[in-house]
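Following: one structure in structure tokens, then a few remarks.
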Amino acid sequence: MTKQLGDRKLQSLISANKIKPEIWRISESVIIETLKNRGFDVKKIKKIKYLKHQVCISYWNQKGGVCSGFFSYRIFERWQSAVEKLVYNCNSLYEIHRLNKLIEYEFTHYPYPVEIEAAINETIEACTTQFIELVSYGNRHLVAS
């Protein structure tokens, strides 16, 4: 599903090639900690398969059985860091605005942990405020000159 942004279609950050999580190779300890924090009964990872849009994890549960699941990269702190890096790398209000449209699409179409969504929104707000202050500062000095 895509929506239009000007002459471009809105899509996920992965489909837009903004983030490529399948190359991250998230460590077993981070995966276990994240899944435990999300309420999964994980003892040890048996197998990890990194796919383009999600990670497939086979793990031993507390009863010694093997469970498998597909998990969105969006539940990992690494995702949050990657999105925040995209925001920090914006060079203008226009770029932040365009990226924010993609991020809004993400929030609408994919489940995000509340704390990760909040942190990303805070980063966008902080960077937007900095750009507005820089533009305002520059305009004041141009008028004063």
(message) So if each residue of separation counts as 0.36 nm, and I subtract the Cα-Cα distance between Arg25 and Gln62, what length gain in nm does that give?
(response) 10.9 nm
(message) Based only on Cα atoms, what mean projected area does the convex hull of segment 53-95 have, in nm²?
(response) 3.9
(message) Need the C-alpha centroid separation for segment 16-51 versus segment 74-121, integer Å.
(response) 19
(message) What does the charge count around Glu117 come to, taking other residues whose C-beta lies under 11 Å from its C-beta (Lys +1, Arg +1, Asp -1, Glu -1)?
(response) -3
(request) Mind checking which lysines have their Cα closer than 24 Å to the Cα of Lys44? Skip sequence neighbours fewer than 8 apart in that chain. (result) Lys36, Lys52, Lys63
(request) Take the Cα pairs of segment 95-138, get the Kirkwood Rh, then feed it into Stokes-Einstein at 25 °C and 0.890 mPa s and tell me D in µm²/s. (result) 216
(request) Would you mind estimating how fast the chain diffuses translationally, via Stokes-Einstein at 20 °C and 1.002 mPa s with the Kirkwood radius over Cα pairs, in µm²/s? (result) 124
(request) Using the number of other C-beta atoms within 10 angstrom as an exposure proxy, rank Leu93, Leu86 with the fewest first. (result) Leu93, Leu86
(message) Output the 0 to 90 degree angle, nearest 10, between the alpha-carbon long axis of helix 114-144 and the longest principal axis computed from the alpha carbons of the chain.
(response) 10
(request) Work out how much length Lys47 to Thr128 would gain on full extension: take 0.36 nm times their residue separation and subtract the Cα-Cα distance, in nm to one decimal. (result) 25.0 nm
(request) Could you list the trypsin sites (Lys or Arg not before Pro) in segment 11-57 that lie in coil according to DSSP, counting only those with at most 13 other Cβ atoms within 10 Å of their Cβ? (result) Arg25, Arg38, Lys52
(request) List, in order, the whole-Hz ³J(HN,Hα) value for each residue of segment 86-98 obtained from phi through the Karplus relation with A = 6.51, B = -1.76, C = 1.60 and θ = phi - 60°; use x for Gly and Pro. (result) 4, 5, 4, 7, 5, 9, 7, 4, 4, 5, 4, 4, 5
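Read the figures in this text as sums done on the coordinates, not as results from a lab. Note that the coordinates shown come from a computational prediction; the quantities given were computed from them, not determined experimentally. Ideal geometry is used to build each Cβ from the backbone, glycine not excepted, and the neighbour counts take in all protein chains shown.
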